[in-house]
Amino acid sequence: MDKEDVVLAFAALAQPTRLDAFRLIVENEPEGLPAGEVARRLAVPHNTMSSHLAVLARAGLVAGERRSQSIIYRARLERVRELATYLVKDCCGGRPEVCGPLVTALAPCCETREDVDG
């Protein structure tokens, strides 16, 4: 991922409705959400949401797939990983004891259902 891609991704997320839409789509992985459902849940007009989703798609953060009359949006999680990696790849000059809290903070989102249920 190059610097221009990173800037494009952060610019796409630097608007409250787009950030909310992106987080909602990520929350609904791996099934994704229809564009109309994203609009409904965020109480945003469909045409406005369509524009926001297009910005997120151009930034490579989401992808839409047509299913019948709906477009299902899914997060491009590999792109999110690339973005996070870009930000922290040189973290703390290679000192894991300093980066440890960052890694620990990210770990809860990656627990399996078995880990949570015990």
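What residue, of Val26, Val44, is assigned to a helix (DSSP H, G or I) and of a type in the set (A, V, I, L, M, F, W, C)?
On the way: Val44 fails: assigned to a helix (DSSP H, G or I).
Result: Val26 is the single residue among Val26, Val44 that is assigned to a helix (DSSP H, G or I) and of a type in the set (A, V, I, L, M, F, W, C).
One residue stands out in the stretch 69-86 among those that are assigned to a helix (DSSP H, G or I) and either among the polar types (S, T, N, Q) or touching a residue at least 40 places away in the same chain (Cβ under 8 Å) (or both): the one that is surrounded by the most Cβ atoms within 10 Å (Cβ to Cβ), namely Leu83.
So is Leu53 open to solvent by 70 Å² or more (accessible area, probe 1.4 Å) and aliphatic (A, V, I, L, M) or not?
Values: open to solvent by 70 Å² or more (accessible area, probe 1.4 Å): no; aliphatic (A, V, I, L, M): yes.
Spelling it out, it is not the case that Leu53 is open to solvent by 70 Å² or more (accessible area, probe 1.4 Å) and aliphatic (A, V, I, L, M).
Taking the options His46, His52, name whichever one is touching a Lys or Arg at 6+ places or on another chain (Cβ under 8 Å) and closer than 22 Å to Gln15 by Cα. First the steps, then the outcome.
Details: His46 fails: touching a Lys or Arg at 6+ places or on another chain (Cβ under 8 Å).
Going through His46, His52 in turn, the sole match is His52.
Among the residues of the stretch 57-66, just one is within 11 Å of Ala35 (Cβ to Cβ) and part of a helix (DSSP H, G or I), namely Ala57.
With part of a helix (DSSP H, G or I), at pLDDT below 95 and open to solvent by less than 80 Å² (accessible area, probe 1.4 Å) as the only criterion, which of Ala105, Ala11 stands out? Talk me through it step by step, then tell me what you get.
Details: Ala11 fails: at pLDDT below 95.
Checking each option against the conditions leaves just Ala105.
Being modelled with pLDDT under 95 and not small (Gly, Ala, Ser): is that true of Val26 here?
Values: modelled with pLDDT under 95: no; not small (Gly, Ala, Ser): yes.
Judged against the criteria, Val26 is not a match.
Within the stretch 22-33, does at least one residue satisfy the condition of being open to solvent by less than 20 Å² (accessible area, probe 1.4 Å), touching a His at 6+ places or on another chain (Cβ under 6 Å) and farther than 24 Å from Lys89 by Cα? So far as the stretch 22-33 goes, no, none of its residues is open to solvent by less than 20 Å² (accessible area, probe 1.4 Å), touching a His at 6+ places or on another chain (Cβ under 6 Å) and farther than 24 Å from Lys89 by Cα.
The values are calculated or read from the model by the stated rules, or taken from the named source; none is laboratory data. Predicted model, so just to flag it, every value in this text is computed and none were measured. As a convention, Cβ positions derive from the backbone with ideal geometry for all residues, glycine included, and neighbour counts pool all protein chains shown. Ligands, DNA and RNA are excluded from the accessible area calculation, which covers all protein heavy atoms including side chains. Shrake-Rupley method; radii C 1.70, N 1.55, O 1.52, S 1.80 Å.
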